[in-house]
Amino acid sequence: MSQVDTTTNAGQLLAAASGGRRRVGDRVFSNAAVIAALTILALLAGVAAFLVAEGLPALTNSDAEPFIDYVAPLAFGTVLAAAFAVIIAVPLAVAVALFITHIAPKQVALTLGYLVDLLAAIPSIIYGLWGIFVLGPAAVPVMQWLEEKLGFIPLFEGPASATGRTMFVAGLVLAVMILPIVSAVAREVFSQTPRKLQEAALSMGATRWEMIRMTVLPFGKSSVISGAMLGLGRALGETMAVTIILSVSGIVTFNLISSANPSTIAANIALDFPESSGLAVNTLIATGLVLFAITLVTNMAARMIIARQNRNE
């Protein structure tokens, strides 16, 4: 047998052996992935079943206050606070991500990235205390100015709160809380923009901003949407910060700077659950079901938007 034949046979045997190992590894990984996915689905179904079973007495009870009248102001406040936070946080988070990945010097970018990520590690109750003792009083002159200059807009019609315990401050605190989430997702994708695309844009005479606008932002559009939806989900479920800050009146209003604010579902559960019993507990769990549905619909809508964006690309 020639040397070439011996080498070829040895290579085939080695490839077959390694291929067998890879097939075993692939099967193990595939089965583990399937089990993990089914576990997540089972947990999600379990949570939904618990909420439905425990909340059903409140939904079917005809003697108490109609459930829709009870939950509507809470759902409105939840969506209003989360939407305001996302509107503030997403542009700022994208700007921070672009600065870290494409503008700042390496050492500055590294340090700033650590500091932004550190915001995610601060407990929500600390954010709530900061909001009520620091940001709230500092925002009073701003809210008074908004009432004076922009009072014709329903969002700022006033009267401005003298304490800062408003939806405006709660939204700003929520924006700070979700900023690191949105920024981290956007930063990871912006940093993966193909170098050739950036260099091609610069070689054609584009400025740095034009290069970012033509290559980096389109490349990371889906990630920005994903990060925004993650941040929105975080804001929808926030409890302690909103509970501490808001001065709750139980009304439905778009006024962000008044002392009369709608509460949120999570904050209402945190406030009322310790002293509730019987049907009141079922009612709170039913409001949790509504929050679960809002979050689920939000995430499904985000997936649809991202899928459509990917198809268009």
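For a quick check: sort Lys221, Lys106 by the number of other beta carbons within 10 angstrom, fewest at the front. Don't skip to the answer; put the middle values down first.
On the way: Lys221 17, Lys106 7.
Taking fewest neighbouring Cβ atoms as first place, the list is Lys106, Lys221.
With r as the distance between the Cβ atoms of Glu54 and Phe99 and R0 = 30 Å, compute the FRET efficiency 1/(1 + (r/R0)^6) and round to 0.05. Each step should come with its number before you reach the end.
Numbers: r = 47 Å, r/R0 = 1.56.
About 0.05, to the nearest 0.05.
Report, in order of residue number, the helices in the chain meeting two criteria: a C-alpha extent of 30 Å or more along the helix axis, and a mean Kyte-Doolittle hydropathy of at least -1.0; treat each whole DSSP H run as one helix. Counting only whole DSSP H runs, the qualifying helices are 3-60, 67-98, 167-190, 279-312. By definition, a body whose alpha carbon gyration tensor gives a ≥ b ≥ c is oblate when a/c is 1.5 or more and a/b is not larger than b/c, and the chain fits this oblate description. Label-to-label distance, Val142 versus Ile68, with points set 7 angstrom from Cα along the beta-carbon direction: 3.8 nm.
Put in order of Cβ neighbour count within 10 Å, fewest first, the listed residues Ile306, Ile245 become Ile306, Ile245.
Between Glu199 and Arg303, the simple spin-label model (points 7 angstrom out along Cα→Cβ) gives 3.9 nm. Every helix of 4 or more DSSP H residues in the chain counts as -39500 (n - 2.57), and over all residues that averages to -25000 deg cm²/dmol at 222 nm. Sequentially through the stretch 153-158, phi angles give Karplus couplings (6.51, -1.76, 1.60; θ = phi - 60°) of 8, x, 5, 10, 6, x Hz, Gly and Pro residues having no value and appearing as x. Cβ crowding within 10 Å ranks Arg23, Arg165, Arg187 as Arg23, Arg165, Arg187, fewest other Cβ atoms first.
Using unit Cβ charges (K, R positive; D, E negative) and no other charged atoms, how large, in debye to the nearest 20, is the dipole of the stretch 66-312 about its Cα centre?
Values: 13 positive and 11 negative charges, 219 e Å.
Computed about the Cα centre, the dipole is about 1060 debye.
Between Arg27 and Ile122, the simple spin-label model (points 7 angstrom out along Cα→Cβ) gives 5.2 nm. The equivalent ellipsoid that matches the C-alpha gyration tensor of the stretch 27-172 spans semi-axes of 35, 33, 13 angstrom, in descending order.
May I ask you to list the residues of the stretch 52-96 whose amide nitrogen lies under 11 Å from a point 7 Å from Cα along the Cα→beta-carbon direction of Asp272? Correct set: 65-75.
Just so you know, all these numbers are worked out from the coordinates, no wet-lab data involved. Keep in mind the model is a prediction, meaning the values are calculated, not measured. So basically every Cβ, Gly included, is an ideal-geometry build from the backbone, and we count neighbours across all protein chains shown.
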